[in-house]
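To keep things clear, I will list the structure first and then write my remarks on it.
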Amino acid sequence: TQSTWGTETSRTLKRMVCWIDKLPDEILGVIFSRLDDLPLAIAPSVCRRWHNILSSQDGLVIWRSRCLSALNHSDQKVELEQQPRTLKAHLYFWKKAYSIAKFIKFPSEFVPHNEVAFLPPNILKVADHVHNFFQDRAVRANLPFANCHGALHVPTILAQDSGPAKLAILSCSYYEVTIQEGDRLTARDCLAIGLASVTFPPIGKQPGWITNSYGYHSDDGHKFWGRGLGAPFGPQFSAGDTVGCGLIMEPEPAVFFTRNGQYIGIACRIPEGHTQLYPTVGISLRREVMWNFGAQPFKYNLLQRDWEGKRELDADFLETTTPARMQRLAMAQVVFSCCLVYLVVFLATAARRVLDLSTTDAA
């Protein structure tokens, strides 16, 4: 009985194969496009004809469409950063990009709260009902950077000022914010761009002031990493400026910043196990702030990959985050605080003595 069942099954499969072989290539291409990922990946090994179809322009269209869908990009006018010379290389690039993109998600917006208003399209502003708008407030993105999902290389679609968007596989994730144009910011105004963990508080702190947060601040151009004591880093930025923040993962996790399309440098390294970081913006000003996760062309051209060629130049920035350096800075802060207390006590004692002498002379 079992032998009979096996024979019938074999005959049925042969009839099905014969029927499928009679279908034109165009119909087979449509069928292949409806397959799940695993059957589609195995299909080229079934026979030479299927291999030829999926290695042709039809296969390229299938993998390209899946990759763009995984990247939440509906516009089909996307070109590769560097056009491969052969169709095989072209197909391999789209397969590789899709194999990464299907496992990760990308931040697209910021999480609102009642202290910050959201104005379309993609604009942040301190809510009108808040009177003390100089109090520190922050918002974070809805998702962590793509690198945080364990991907060392991230497929990224970069919008262009002219022409179709470009797809590149980068070793970083990146976003930008632009401050509304107008009069220069006052000494009390501050915008901080950076990264922070999911536990970062929305009120009372700026990125970089507490553990697992990193920021670049507009009021003094300093960088902050996990504490309230910053260090000189880059130029100040004000109304009309666009600043960007990027997270790179190799050869070691680190944060870099840009201003108006110019690469500033690597601000600090990130300890292992602390790379689950969200784009975070601290707002302490009454201005509109526009964010961009890649829907619009970036001011900074990520295809330059400056973070790869300037690591030696940024050695000073990296050194400032070492434990020994942090201990020295903490000790200096303690000594300064002690001297300040001593000075206050000395002045108070001197003033008391002068007052006592004056009272004695008057008597």
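Quick rundown of the values:
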| quantity | calculated |
| --- | --- |
| So F110, is it among the aromatic types (F, W, Y) and modelled with pLDDT under 85 | no |
| Counted residues, segment 137-153 - those being of a type outside the set (S, T, N, Q) and modelled with pLDDT under 80 | 7 |
| Any hit, segment 289-309, residues being part of a helix (DSSP H, G or I), open to solvent by 60 Å² or more (accessible area, probe 1.4 Å), more than 19 Å from G194 (Cβ to Cβ) and modelled with pLDDT under 70 | yes |
| Meets criteria (in a loop (DSSP other than H, G, I, E, B), farther than 25 Å from I203 by Cα and either at pLDDT 85 or above or not charged (D, E, K, R) (or both)) for S99 | no |
| Hits in segment 181-211 - residues which are open to solvent by 50 Å² or more (accessible area, probe 1.4 Å), closer than 18 Å to E272 by Cα and touching a residue at least 40 places away in the same chain (Cβ under 8 Å) | V198 |
| Residue list for segment 70-92, restricted to those being modelled with pLDDT of 85 or more and either exposed (fewer than 13 other Cβ atoms within 10 Å of the Cβ) or out of contact with any helix residue (DSSP H, G or I) (no Cβ under 9 Å at 6 or more places or on another chain) (or both) | T86, K88, A89, Y92 |
| Residue in segment 44-55 that is more than 25 Å from A159 (Cβ to Cβ) and in contact (Cβ under 8 Å) with a residue 60 or more places away in the chain present | no |
| G240 being in a loop (DSSP other than H, G, I, E, B) and closer than 16 Å to K125 by Cα | yes |
| Subset of segment 240-278 that is within 19 Å of F200 (Cα to Cα) and at pLDDT below 85 - its residue that is surrounded by the most Cβ atoms within 10 Å (Cβ to Cβ) | T275 |
| Count of segment 104-125 residues which are buried (at least 17 other Cβ atoms within 10 Å of the Cβ) and under 20 Å from the mean Cα position of the chain (by Cα) | 6 |
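The values are calculated or read from the model by the stated rules, or taken from the named source; none is laboratory data. Just so it is clear, the structure is predicted and the values come from calculations on it, not from any experiment. Every residue, glycine among them, receives a Cβ derived from its backbone with ideal geometry; neighbour counts consider all protein chains shown. Remember, those area values only see protein heavy atoms, side chains included, never the ligands or the DNA or RNA. Shrake-Rupley method; radii C 1.70, N 1.55, O 1.52, S 1.80 Å.
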